[in-house]
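Read the structure below first, then the notes.
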Amino acid sequence: MANTDNARGFIHPQTNDGGPVVLKEYTAASQIFVGDPCLISTTGTVARVGNGDDATAFDAICTSFASTAAIAAGNSTVHLITDLSRYTFEIQADAALAADVRGQEYGLTQAAGDTTTGYSGCELDVAVAGAGGNVRVVDMINRPDNDNTLTNSKVRVEFAEWANAPTVS
């Protein structure tokens, strides 16, 4: 059975250390959807990252907001995960993946979010594979509604690059 094409961006965050998911509250400067990668400005407002932006252009993931009406207007309070090194997320691929892609890095593609559901249109960009990708696949999601060999499969990823990533000197 084919996988449902239901992009929702970065969802179902899990901490690597078993601790609680820590959220911080910010004000949206533009439309932001649940699961969107975001950039926090020096003034503390948050903007959605556009399609094709480099991984180092963002430093947070939106997890919730006040209401779909407020988010459609772009003037909502949003809740973000900012310490991306502690988390893995589920994301949908935009094309079929190889049998086992654990450890492989990929880019992202950012489609329009859904103003009805409030979810992001961000997906794993299978065409942009290789070193220097935004995210690294840590696990294939094995459940009845997900065939990992077909288009729109879901995988668990960690961030390979982001704006506040520690540097090794």
Lone qualifier among 136, 102, 156 - being closer than 25 Å to residue 21 by Cα and assigned to a loop (DSSP other than H, G, I, E, B): 102
All positions within region 73-100 that are farther than 19 Å from residue 2 by Cβ and modelled with pLDDT of 85 or more: 87, 88, 89
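From the list 42, 4, 68, exactly one residue is modelled with pLDDT of 85 or more, out of contact with any strand residue (DSSP E or B) (no Cβ under 6 Å at 6 or more places or on another chain) and hydroxyl-bearing (Ser, Thr, Tyr). Which is it? Don't jump to the end; show me each part of the working.
Numbers: 42 fails: modelled with pLDDT of 85 or more; 68 fails: modelled with pLDDT of 85 or more.
Only one candidate qualifies: 4.
For region 97-149, which positions are basic (Lys, Arg), within 19 Å of residue 85 (Cβ to Cβ) and either exposed (fewer than 14 other Cβ atoms within 10 Å of the Cβ) or touching a Ser or Thr at 6+ places or on another chain (Cβ under 7 Å) (or both)? Spell out how you get there, then give the answer.
So the first thing to find is which residues in region 97-149 are basic (Lys, Arg), and the list is 102, 136, 143.
Narrowing the set further to residues that are within 19 Å of residue 85 (Cβ to Cβ) leaves 102, 136.
The answer is 102, and nothing else.
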Residue ID - nearest to residue 132 (Cα to Cα), chosen from residues in region 46-63 that are modelled with pLDDT of 60 or more and surrounded by fewer than 14 Cβ atoms within 10 Å (Cβ to Cβ): 51
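The values are calculated or read from the model by the stated rules, or taken from the named source; none is laboratory data. Since the structure is predicted, the reported quantities are computational estimates derived from the model, not experimental observations. When we count neighbours, we look across all protein chains shown, and the Cβ atoms used for this are built from the backbone with ideal geometry, even at glycine.
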